[in-house]
Every structure is written in C-alpha cells, then in structure tokens.
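Written below as structure tokens is the structure these notes are about.
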Amino acid sequence: MRISPVGKAGKDLCGMTGSARGPAAGDKTWTVLELLKWTTDYFSRSGIDSARLDAELLLAHALETERLRLYIDYEKPVLPEERDRYRALVQRRARERVPVSQLLGVREFWSLTFEVTRDVLTPRPETETLVEFALSKAVAVAQDSDSVSPFRILDVGTGSGAIALSLASELPLAQITATDLSKPALQIAAANADRLHTRERLRLLEGDLFQPVASERFDLIVSNPPYVARADIGSCPPELSHEPEMALFAGQDGLEVIRRLVAEAGDHLSPGGWLGIELSPEQTERVEEELVQAGFVDVERRFDLASRPRVVGARWPMK
Ligand SMILES: C[S@@+](CC[C@H](N)C(=O)[O-])C[C@H]1O[C@@H](n2cnc3c(N)ncnc32)[C@H](O)[C@@H]1O
C-alpha cells in the first residue's frame, strides 16, 4: 500500500470546463480516439495523475472490450448508449475521485484478478514485495525442515485475500489461514477464493489480529496491516476516502497495529518460523527495533519497485 501526498493540491477537482462540448453533447459522433483524448485532458485538469491509463480502462469497461483492443479501434465511432455508460464512469472518477478499481469492480494483483469493493483495500503493486518475501521464506523453511506436515501460513488482515490467495496459487500444498476484523472484507475474500478456485484451501476467520487463532502456531505469518498515521490524513489522496478507514489508519503514528502484531506474533510462530510485515518506508527502523526487542532474530528488509524499504521480515528463534 503506497500512500502518497496529493500531488496537485489546489486544483478544482470538479472543474468540468469543456464538458458541454465533451462526451456529454448528444449530437456529435465520437470516435474511440477522440473520447480518449478528451478524457485524458479532462482527467489531467482534474488532478488525476494516471489520466490516460484511467481513460483507457474506463472506456474499455464501458465498451465491454479489452484495453488493448482500443488501439485497433481508434477510428471506430462509439454508440450513444456506450457513451452514456462511459460518461457516468468518467464523472464518478473525476468528480468523486472513486478509484478505477472500484468503478471496474476488479484489480489485477500477482497476475490474478481480484474482486474489489468499498469494503476492502484495493491491492497495491508494492504488496507483491510481501508475496515475494513469503515465497522465498516458504522455500527456505521447507528446505530446512524434515517435517512431513503441511506448511502453515497465516495472513493477518487479509482484506480482499490478495496475499493469501496469491500464496495459495503458488504453494498448492500449503495450509493457509487468513483473518480480518471486518466481516464484509472476509466475504469479499471468500468470493475471490471461489473465483480463483482455492476456497477449499483457505480458512477465513473473523477477529482481532491473532484472537481467532489463539492457540495455534504457523511456519510463516504475513501481514499488510493498516499503517497510515492519523496525523497524515490531510495529505492523503482523495481516492483514499473510498477505502475502509479500518484498512488504512493505525493511530496517530501509524504504528498502533504493527506494534501489537510484533509483540504477539512470537506466540504464534513455530521455532524458526518467519514474520513478514508491509510498512511505510519511514517506519522501517522503528519496526526493526521493535522486532529485536520482542526477541526476533535475522531481521531483514525487502524493497519495492521504487527501491524503498517496503517489507520487514524476521525469524523467531529455534529455541
Ligand atoms: C492495509 S489492509 C490490507 C488488505 C490486504 N491484505 C492487502 O494487502 O491488500 C489491512 C486489513 O487489515 C484489517 N484489519 C485492521 N485492523 C485489524 C485487526 N486489529 N485485526 C485484524 N484485521 C485488521 C482491515 O480490515 C484490512 O482488511
């Protein structure tokens, strides 16, 4: 999850200048390319960074086609009813700043398609760093161990199920448990598990952090917990207001949930098991210190595609 400050503060997000001459006008025939150009300009003026990409994704959705197909169909006229569908999406994106993922109802993560609603955090590309960390540790622990019992993974705060289900797709023999405090989020995770044909391999439990797995231990625990500081709320992009607060904010410094995770994780790890936590880069050193104080060893960092520390991992000692 990357939370970047609003880049274009002061822009009029509702500035629909030109809309009367845009796709709203009823008589003109618009081609695919004309619509894309108009919308890209409109989105840019509305302060949306990924203007062209968003325009393409929404138009492809309205036309019920693939995004790349638009390039072949540049000169094709768009039918009035298709344009009406598109205009409704464009307005919600620009005026209400609804994330594209929620307008489409899906988001790609780890090359899998996840259903996304207002009840879950939209999976972010940087969270794939945590999936990579988990896979590398699953292989390492399995190689070190002579146990024949299945590899046990716990995903705390599973949301859409992005991490747990990506791991399920890669580790067919692993036993995966995922928890969340939010019942609606767990319903989305279950729907995603059905959609990805992994429902029978995923145990979904409702409750606070480790409470639903009180007496259990795991070989690997992963979590992308809420980690935005309440103090930073004013610099969050407007799109965040469409995502659940419970998925984003964790006290004044953003560390309220991570601190509890670190303090309690040792009681749920088997000897030599690993913990991996996604965080905001500036929280890295604080969390590394907390891990050492809690008794963890072999603390390490993993970096996202922007080369920023994004995951901190640590091992529970063998004895
Ligand atoms: C940042 S979202 C991560 C969602 C998903 N794992 C992902 O990476 O896209 C954090 C999730 O943790 C859940 N959560 C927040 N506080 C929690 C708690 N105390 N116990 C369990 N889950 C919690 C939220 O409901 C939300 O689904």
Point to revise | Selection within segment 68-80 - surrounded by fewer than 20 Cβ atoms within 10 Å (Cβ to Cβ) and not in a loop (DSSP other than H, G, I, E, B) | key: Arg69, Tyr71, Ile72, Pro77, Pro80
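Go through segment 234-266 and count every residue that is assigned to a helix (DSSP H, G or I) and not polar (S, T, N, Q).
Initial filter on segment 234-266 (assigned to a helix (DSSP H, G or I)): 234-235, 238-242, 245-248, 256-266.
Now drop any that are not not polar (S, T, N, Q), which leaves 234, 238-240, 242, 245-248, 256-266.
Adding up the residues that qualify gives 20.
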Practice item. Pull up segment 234-261, narrow it to residues that are in contact with a helix residue (DSSP H, G or I) (Cβ under 8 Å, 6 or more places away or on another chain), without any contact (Cβ under 8 Å) to a residue 24 or more places away in the chain and of a type outside the set (Gly, Ala, Ser), then point me to the one that is farthest from the ligand (Cβ to nearest atom). Key: Gln252
Check your understanding: Here are some residues: Ala231, Ala168, Ala193, Ala185. Which one is within 30 Å of Ala94 (Cβ to Cβ), more than 11 Å from the ligand (Cβ to nearest atom) and in a helix (DSSP H, G or I)?
Key -> Ala231
Revision key, fill the gap. Pairs returned, first residue in segment 30-45 that is closer than 13 Å to Leu58 by Cα, second residue that is open to solvent by 40 Å² or more (accessible area, probe 1.4 Å), beta-carbon separation under 7 angstrom, 6 or more apart or interchain, are Val32/Tyr74; Val32/Lys76; Thr40/Arg52
Practice item. Take segment 212-229 and flag every residue that is in contact (Cβ under 8 Å) with a residue 24 or more places away in the chain and not aliphatic (A, V, I, L, M). Key: Pro212, Glu216, Arg217, Phe218, Asp219, Ser223, Asn224, Pro225, Pro226, Tyr227
Check your understanding: Only one of (1) open to solvent by 30 Å² or more (accessible area, probe 1.4 Å); (2) under 22 Å from Pro150 (Cβ atoms) fails for Asp253. Which number is that?
Key -> (2)
Exercise for review: Tally the residues that are of a type in the set (S, T, N, Q) and within 16 Å of the ligand (Cβ to nearest atom), restricting the search to segment 145-162.
Suggested key: 2
Point to revise | Residue ID - nearest to Gln283 (Cα to Cα), chosen from residues in segment 199-235 that are of a type in the set (Val, Ile, Thr) and modelled with pLDDT of 95 or more | key: Val228
**Study point:** Flag for Glu128 being of a type outside the set (Val, Ile, Thr) and either under 24 Å from Ala191 (Cα atoms) or buried (at least 22 other Cβ atoms within 10 Å of the Cβ) (or both)
**Key:** yes
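Taking the conditions exactly as written (of a type in the set (S, T, N, Q), at pLDDT 95 or above and surrounded by 18 or more Cβ atoms within 10 Å (Cβ to Cβ)), does Ser111 satisfy them or not? Explain how you work it out, then say what you get.
Details: of a type in the set (S, T, N, Q): yes; at pLDDT 95 or above: yes; surrounded by 18 or more Cβ atoms within 10 Å (Cβ to Cβ): no.
Here the answer is no, as Ser111 does not meet what is asked.
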Practice item. Would you check if Asp219 is away from the ligand (no atom under 13 Å from the Cβ), crowded, with 21+ Cβ neighbours inside 10 Å and either acidic (Asp, Glu) or outside the structural domain of Leu248 (by TED's automatic domain parsing) (or both)? Key: yes
Review point. Has segment 202-215 got at least one residue that is surrounded by fewer than 18 Cβ atoms within 10 Å (Cβ to Cβ), more than 8 Å from the ligand (Cβ to nearest atom), under 16 Å from Ile163 (Cβ atoms) and not β-branched (Val, Ile, Thr)?
Key: yes
Check your understanding: Any chance segment 236-250 includes a residue that's touching a strand residue (DSSP E or B) at 6+ places or on another chain (Cβ under 8 Å), under 28 Å from Ser270 (Cβ atoms) and open to solvent by 20 Å² or more (accessible area, probe 1.4 Å)?
Key -> no
Exercise for review: Considering every residue within segment 126-144, establish whether at least one is within 16 Å of the ligand (Cβ to nearest atom) and either among the hydroxyl-bearing types (Ser, Thr, Tyr) or assigned to a loop (DSSP other than H, G, I, E, B) (or both).
Suggested key: yes
Exercise for review: Report yes if Pro184 is exposed (fewer than 15 other Cβ atoms within 10 Å of the Cβ) and either without any contact (Cβ under 8 Å) to a residue 12 or more places away in the chain or closer than 13 Å to Thr158 by Cβ (or both), otherwise no.
Suggested key: yes
Review point. Right, Thr65: assigned to a loop (DSSP other than H, G, I, E, B), at negative phi and at pLDDT below 95 or not?
Key: no
Check your understanding: Which of the following residues is part of a helix (DSSP H, G or I) and open to solvent by less than 60 Å² (accessible area, probe 1.4 Å): Val311, Val292, Val287?
Key -> Val287
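The values are calculated or read from the model by the stated rules, or taken from the named source; none is laboratory data. From a predicted model like this one, the values you see are computed outputs, not experimental measurements. Here Cβ is always computed from backbone atoms with ideal geometry, including for glycine, and neighbour counts include all displayed protein chains. Surface accessibility is based on the protein's heavy atoms, side chains included, excluding ligands, DNA and RNA. Shrake-Rupley method; radii C 1.70, N 1.55, O 1.52, S 1.80 Å.
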